[in-house]
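Engineer: Have a look at this one.
The values are calculated or read from the model by the stated rules, or taken from the named source; none is laboratory data. The model shown is predicted, which means the values in this text are computed figures rather than measured ones. Heads up, the Cβs are rebuilt from the backbone with ideal geometry, glycines too, and the neighbour counts pull from every protein chain shown.
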């Protein structure tokens, strides 16, 4: 991205003395300093599917509880690593003491999260179903734009945005009765994408249901993300 930006800026009419115009008093007589910006946006189909799952359990013995979590999570990670198109990472591991009331026996609760993500939706969804069968419950399933697609999209937008900014500077100069516009300083704002928010599901009921009966694999369909890129500059019109 930086190499592309540097190459494009070589063709912009940047003033060699841009650093000299620190105040209005520094501007040459008859010239006007104008702040301009231009934005380009495009919708792209989300290509990265992310599933967040969690195993939760409780036990009167903290040792037995942690042993149960450790065994299930190792099995889940090993299963996920079999799918080459998926990246897997473990999330927060938390164990705490719990009592429904002061007269209830002491109980320990624990949970650990697991995140899988990939671009081959069918393989990831099939894996997700297997993990649910193991007793993991779904915390979130959502699509987003991968970093690679985001970078590629922004690079494609950059040249169009710079051309729009130059055109706006030329029109501004003409409207002010000037004949020339030099861009003194150009700043690129990467903007961002709008991603669907995951729906959260928590609770032991989901894990118990997964272990008690056969579950179908979850379903996911990609949406659209709005990617924007803004270029701003100071233009000296004269």
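Engineer: Going residue by residue through the range 126-138, is there one that turns out to be under 18 Å from residue 74 (Cβ atoms), outside any helix (DSSP H, G or I) and without any contact (Cβ under 8 Å) to a residue 40 or more places away in the chain?
Structural biologist: The answer is no; no qualifying residue exists.
Engineer: Here are the criteria: (1) assigned to a helix (DSSP H, G or I); (2) touching a helix residue (DSSP H, G or I) at 6+ places or on another chain (Cβ under 8 Å). Tell me which single one residue 93 does not satisfy.
Structural biologist: Every condition holds for residue 93 apart from (1).
Engineer: Take the residues in the range 73-90 that are touching a strand residue (DSSP E or B) at 6+ places or on another chain (Cβ under 7 Å) and in a helix (DSSP H, G or I), then tell me which one is nearest to residue 57 (Cα to Cα).
Structural biologist: 73
Engineer: Turning to a different aspect of this structure: Given (1) modelled with pLDDT under 95; (2) surrounded by 15 or more Cβ atoms within 10 Å (Cβ to Cβ); (3) over 12 Å from residue 53 (Cα atoms); (4) over 24 Å from the mean Cα position of the chain (by Cα), identify the lone condition not met by residue 206.
Structural biologist: (3)
Engineer: Output the residues belonging to the range 99-122 that are surrounded by 17 or more Cβ atoms within 10 Å (Cβ to Cβ) and part of a helix (DSSP H, G or I).
Structural biologist: Within the range 99-122, 121 is the sole residue that qualifies.
Engineer: Looking only at the range 26-77, filter to residues that are touching a helix residue (DSSP H, G or I) at 6+ places or on another chain (Cβ under 6 Å) and within 30 Å of residue 230 (Cβ to Cβ); which one of those is surrounded by the fewest Cβ atoms within 10 Å (Cβ to Cβ)?
Structural biologist: So, considering only residues that are touching a helix residue (DSSP H, G or I) at 6+ places or on another chain (Cβ under 6 Å) and within 30 Å of residue 230 (Cβ to Cβ), the one surrounded by the fewest Cβ atoms within 10 Å (Cβ to Cβ) is 26.
Engineer: Against the conditions (1) modelled with pLDDT of 65 or more; (2) more than 28 Å from residue 156 (Cα to Cα); (3) under 16 Å from the mean Cα position of the chain (by Cα), where does residue 223 fall short? Just the number, please.
Structural biologist: (2)
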